[in-house]
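Undergrad: Sharing a structure below in structure tokens format, with a few things to ask.
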Amino acid sequence: MKYLKLLTVISAIALCACSQKDDLKPQEPVLPQITVSELRTTEAGKTYLQVDGKPFPLIGAQIRLDALLNCDGKSLAAVEPYFQKAVELGVNCVQVPISWKMVEPRQNEYDWSIVDAVLAYCNEYGLKMELLWFSTNMIGDAFTYLLPQYILSEPSVRLRCDNDGAFHSYYGYIHALRLDADWLLDHETRVVTALFNHIRYWDSNHGENHPVITCQVHNEPDGFLRWRYRDYHFKSWDGSELTPQNVWDMVLNSLDAVGKAVKNSSYKVLTRTNHIKDDDGGDLLQWSDVASVKDVFALDGIDFVGIDAYKQEVSELRADVEAYASIPGNYPLVAENTGSYQNSASLILTAFAAGGGYDIYDLATSEYFVTNATDSSVDQGVYTTGLEDREGITEPARRIIHGLKGAAEDVALSSPENFAAFNIGQDTPQISITEEVKTTTASSLTVRFSTSAGALGFLLDRGSYIVAYATEDATFVVSKPDGTSETITVTGGELETRDL
């Protein structure tokens, strides 16, 4: 009893000391809420991103900040060239992981230094950012490199699993958590709210450029049920069995709560998740008796759901985008697709022609990942690990990105029926090709495209005008219903806009 009383006194003193420390520590003001990004739908039914009041086609590349810092041992200053290379590639957005441990290394001690450096790089290089929130559900796992120790030390939120305590060289020791435990969600939503309130405050003092435009909540969270629960036999800590519905409910409840924390902060942006590729050969959207992509989309805390496709076949990637676009109001983002594919340029154009957006995974792969891999396919960067162009990959991707970004608002607003894309009928572009596509606006154009230089091309029918682009020299013959036609000769890399 005396021992318990002594512990109580010591705890009270410690709490008092912490409280005094917090009271003495300067606190940032919570500023009035702003809305940076929203979803909009055109009259034709196409859903698109609106950022700062303008249509925004998301063309991105991921910078694996967690790997560069944790595995490669790089300094924040050594990460800056990756942002420069993103600009050279032409993307308008970078995907940057921010882990819980980065911003709260110890309980109730926030450290914004990494976040501030990334925000500063985005501002300096004119890039927008998708903040990838890496925390409790990393494809079903909870890792020591991503989470503060005080979270993993709380027994009430732990699950039993066959691989508990195993070491993963990328992410640290592996655990599994009861994702929707009240105690856990209370702490996670608190830190997420603080993070986005800080971004709002930082932005107000650095030009109000609104660098962060979306938040990815967790990473491939459906892997919790699809893979980890199945493979490692998740159970409650008391040994009782979990049903698939129990496990899926955990995933949904945690996504909803964390997403709402972002949306209720002073810096409101769109929230999304990324689902893993369909490797089971089943329904892409309804892949379990209890689990569906639509379950996630229906959450108040999640605005849209993208897919980590990892598809090199043009037809298969198009099918993925079309499936996710079939959910009314969803923005069908290809949230990850390998950057080192030889036909990356074709895949990028295919995604936009089907009504989606495209994030390249990744800009340049961690040297540690490549050095320690047993499979060369782990090197997935559109640049090499040394940030050099990949022959036959980087430049073609750069050229199609240049055109899509140059016609940004028209690309965002054009529905698939009026986004005529050329030379993507096969996985790699044909050197010499002539093909014809019809659009369906009131103008009902017939567009004949020809190239002898291996060009990828697109023509956007905007009703009163058209926008044409080709990566290499090409010709567009545009015929109207009245029988008149116009020939547009496009120099590779240059946009052409004509009134109808």
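The values are calculated or read from the model by the stated rules, or taken from the named source; none is laboratory data. Since this is a predicted model, take the numbers as computed values, not measurements. Reconstructed Cβ throughout: ideal geometry from the backbone, glycine too, with neighbour counts over all protein chains shown. Surface accessibility is based on the protein's heavy atoms, side chains included, excluding ligands, DNA and RNA. Shrake-Rupley method; radii C 1.70, N 1.55, O 1.52, S 1.80 Å.
Undergrad: Quick one: angle between helix 394-406 and the longest Cα principal axis of the chain, in degrees between 0 and 90, rounded to 10, please.
TA: Relative to the chain, helix 394-406 is tipped by roughly 80 degrees.
Undergrad: Could you work out the equivalent-ellipsoid semi-axes for the stretch 193-273, taking the square root of 5 times each eigenvalue of the Cα gyration tensor, largest first, in whole Å?
TA: Largest first, the stretch 193-273 gives 35, 12, 9 Å.
Undergrad: Let me ask you something else. Kirkwood Rh, Cα Rg: Rg to Rh for the stretch 35-142? Intermediate values should be presented prior to the final figure.
TA: Working: Rg = 15.8 Å, Rh = 15.5 Å.
My calculation of the ratio gives 1.02.
Undergrad: While we're here: May I ask you to give the solvent-accessible area per residue for the stretch 53-170, in square angstrom, as obtained with a 1.4 angstrom probe? Before the final figure, lay out each step's value.
TA: Numbers: 3730 Å² over 118 residues.
Ligands and nucleic acids excluded, the figure is 32 Å² per residue.
Undergrad: With a ≥ b ≥ c the root eigenvalues of the C-alpha gyration tensor of the stretch 203-342, is it rounded (a/c under 1.5), prolate (a/b larger than b/c) or oblate? Don't jump to the answer; show the numbers that get you there.
TA: On the way: a/c = 1.94, a/b = 1.16, b/c = 1.67.
Because a/c hits 1.5 or more and a/b fails to exceed b/c, the stretch 203-342 counts as oblate.
Undergrad: Does anyone have the angle between helix 314-325 and the longest principal axis of the chain? Alpha-carbon axes, 0 to 90°, nearest 10?
TA: Orientation of helix 314-325: about 60 degrees from the principal axis.
Undergrad: List, in the order given, every pair from LYS311/LYS438; LYS101/LYS277; LYS128/LYS294; LYS263/LYS311; LYS235/LYS268; LYS128/LYS263 whose Cα-Cα distance in the structure shown is over 30 Å. Intermediate values should be presented prior to the final figure.
TA: Working: LYS311/LYS438 27 Å; LYS101/LYS277 27 Å; LYS128/LYS294 28 Å; LYS263/LYS311 32 Å; LYS235/LYS268 36 Å; LYS128/LYS263 18 Å.
Listed pairs above 30 Å: LYS263/LYS311; LYS235/LYS268.
Undergrad: Can you tell me the 0 to 90 degree angle between the C-alpha axis of helix 344-353 and the longest principal axis of the chain, rounded to 10?
TA: 80 degrees
Undergrad: Is the shape of the stretch 261-353 best called rounded, prolate or oblate, per the rule: a/c under 1.5 gives rounded, else a/b larger than b/c gives prolate, else oblate, with a ≥ b ≥ c the square roots of the Cα gyration tensor eigenvalues?
TA: Numbers: a/c = 2.24, a/b = 1.39, b/c = 1.60.
Oblate is the answer for the stretch 261-353, as a/c is 1.5 or above yet b/c matches or exceeds a/b.
Undergrad: Near the amide H of ASN137, under 5 Å away, which other amide H atoms are found, from residues 5 or more places off or on another chain, if H is placed in the peptide plane?
TA: Amide H to amide H, under 5 Å and 5 or more residues apart or across chains, ASN137 pairs with ASN219.
Undergrad: Using +1 on the beta carbon of Lys and Arg, -1 on that of Asp and Glu, and nothing else charged, what's the dipole of the chain about the Cα centre, debye to 20? Please list the in-between numbers first.
TA: Numbers: 39 positive and 70 negative charges, 225 e Å.
Roughly 1080 debye, rounded to the nearest 20.
Undergrad: So what is the accessible area of the stretch 184-246 per residue, in Å², with the probe set to 1.4 Å? Don't skip to the end; give the middle numbers.
TA: Details: 2390 Å² over 63 residues.
Accessible area per residue, the stretch 184-246: 38 Å².
Undergrad: For the chain, give the percent of accessible area contributed by carbon and sulfur heavy atoms, probe 1.4 Å, rounded to a whole number. Mind dumping the intermediate values first?
TA: Details: 9880 of 20100 Å².
Of all accessible area on the chain, carbon and sulfur atoms account for 49 percent.
Undergrad: So I have [x] 69, 61, 30; [y] 98, 48, 45; [z] 113, 53, 42, and one of them is Cα extents along the principal axes in Å calculated from this model. Which one is it?
TA: The listed entry that was calculated here is [y].
Undergrad: Additional query: State in Å² the accessible area per residue of the stretch 398-470; use a 1.4 Å probe, count heavy atoms of protein chains only, and round to the nearest integer.
TA: Value returned for the stretch 398-470: 37 Å² of accessible area per residue.
Undergrad: So what are the ³J(HN,Hα) numbers for the stretch 233-242, from phi and the Karplus equation (6.51, -1.76, 1.60; θ = phi - 60°), rounded to whole Hz, Gly and Pro as x?
TA: 6, 4, 9, 5, 4, 7, x, 6, 6, 10
Undergrad: Convert each backbone phi in the stretch 489-495 into a coupling constant with the Karplus relation 6.51 cos²θ - 1.76 cosθ + 1.60 (shift: θ = phi - 60°), then list the ³J(HN,Hα) values in order as whole Hz, x for Gly and Pro.
TA: Ordered by residue, 3J(HN,Hα) equals 8, 10, 7, x, x, 10, 7 Hz.
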